[in-house]
Amino acid sequence: MIKNINLLFLMVLLTGCSIKQPYITEYNMEIKKFQKIQSSQICKEKTLKINQAFSDNTLMSTKMNYIVGKHKQYSFSKARWSIPVNQMVTFHLNNMINQLDIFKSVQSYKSVAKDDYILQSDIIDFKQYFSEDLNSSYVKAVIHISLIDNQTNNIIDSKTFSSKIESETLDSYGGVKSLNKALFDILKDTSFWLKDICNNKKLKN
């Protein structure tokens, strides 16, 4: 009787070990490098802190959400982000502005230093969209960015950046590749926007 129980336990154990977990692919963004840009000395004498991007709850987890038609929202079962979208956008904003080299220093939101300016970003959209019949797809990225004077809390300037691109393929991989391009476009436009602000003589020294 004991032998039979031991044999049954061994069979269950081996069966459990042979069960394969669902394969899930994790995606991240690979952004091209940005070149240093020429600007006035106004920003070069100032420090900047980049706050962590705000977003709704759907973009604060690693779930990769998509929209079908106008109202149906789902999550890909076998695909997810390596880190939440709001953290990913914050990282690439920080990296891009550091590469531009237009500020004296650029700090992350974790820094306790008192900086001259704060860059605040709100992610309004960052998803893949499918038609109701699933025969077409596009991605949409919309980010509102504000530059704030940390001494007065006044908004120096703010702008909404958006990019809409057709998905390369009708799956999560095609959506990620297109979202990668959309984020790059937004980062590039943001770099030009910051350059214009820094060259504006009305900006306080």
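Some notes on this structure:
- Selected residue (criterion: nearest to ASP133 (Cα to Cα)) from residues of the range 150-205 that are open to solvent by 90 Å² or more (accessible area, probe 1.4 Å) and among the aromatic types (Phe, Trp, Tyr): TYR173
- Test result for GLN128, farther than 26 Å from PHE192 by Cβ, not small (Gly, Ala, Ser) and not in a loop (DSSP other than H, G, I, E, B): yes
- Residue list for the range 28-60, restricted to those being small (Gly, Ala, Ser) and touching a Phe, Trp or Tyr at 6+ places or on another chain (Cβ under 8 Å): SER55
- Failed item, numbered, when ILE124 is tested on (1) modelled with pLDDT under 95; (2) open to solvent by 10 Å² or more (accessible area, probe 1.4 Å): (1)
- Boolean, LYS159 is charged (D, E, K, R), within 22 Å of PRO84 (Cα to Cα), in contact with a strand residue (DSSP E or B) (Cβ under 9 Å, 6 or more places away or on another chain) and not in a helix (DSSP H, G or I): no
The values are calculated or read from the model by the stated rules, or taken from the named source; none is laboratory data. No experiment lies behind these values; they were computed from the predicted model shown. All Cβ positions, even for glycine, are placed from backbone atoms using ideal geometry, and neighbour counts span all protein chains on display. Ligands, DNA and RNA are stripped out before the accessible areas are found, and what is left, the full protein with its side chains, is counted by its heavy atoms. Shrake-Rupley method; radii C 1.70, N 1.55, O 1.52, S 1.80 Å.
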